[in-house]
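Written out below as structure tokens is the structure these notes cover.
The numbers here are math on the coordinates, done by the rules we state, and not lab data. Only a predicted model underlies this, so the values are computations on that prediction, with no experimental measurement involved. Here the Cβ is made from the backbone with ideal geometry for all residues, glycine too, and neighbour counts use every protein chain on show.
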Amino acid sequence: MLLTVLKAITSLALIFLVGIIAKKYSALAGMIAVMPIIGLLILIWTYVETKGAKDVMVNLTTGAMIGLVPTAIFYIAAFITFSRGMSITPVMLISFAAWGVSAFIILRLIH
């Protein structure tokens, strides 16, 4: 239970911190948001919770690597739609749709 609370507090603190930074330095906040800090925390928490189970760690990192392409496509779609002056709702709908389609295609290709 304590580990779950620690994970939640750490995640919320990072999100809160990026939100504060974004008010003054939006590009820096964007860079921090995609840094592997969250990935690092997930690797550590999963390693601790599974006692370093090789299969779990390999599958986790494989999934993360596969997810890089759809995540890049998400941000490219967001950049393009924001550049065209769209508001947040269509930007998120289009970006998540782009992420979902690209993730589906990648998963179909590798399986």
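Per-structure values
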{"item": "Of the DSSP H helices in the chain, those whose Cα atoms cover at least 15 Å axially and whose Kyte score averages -1.0 or more", "result": "2-24, 37-50, 54-83, 88-110"}
{"item": "Label zone at S26, where the point sits 7 Å out along the Cα-to-Cβ direction: region 82-108 residues whose backbone N lies under 17 Å", "result": "82-92"}
{"item": "Which labelled figure in [x] 1.02; [y] 1.29; [z] 1.23 is Rg/Rh (Cα atoms, Kirkwood Rh), once derived from the coordinates", "result": "[x]"}
{"item": "Loop-located trypsin sites (Lys or Arg not before Pro) in region 1-82 whose Cβ has at most 15 other Cβ within 10 Å (DSSP)", "result": "K51"}
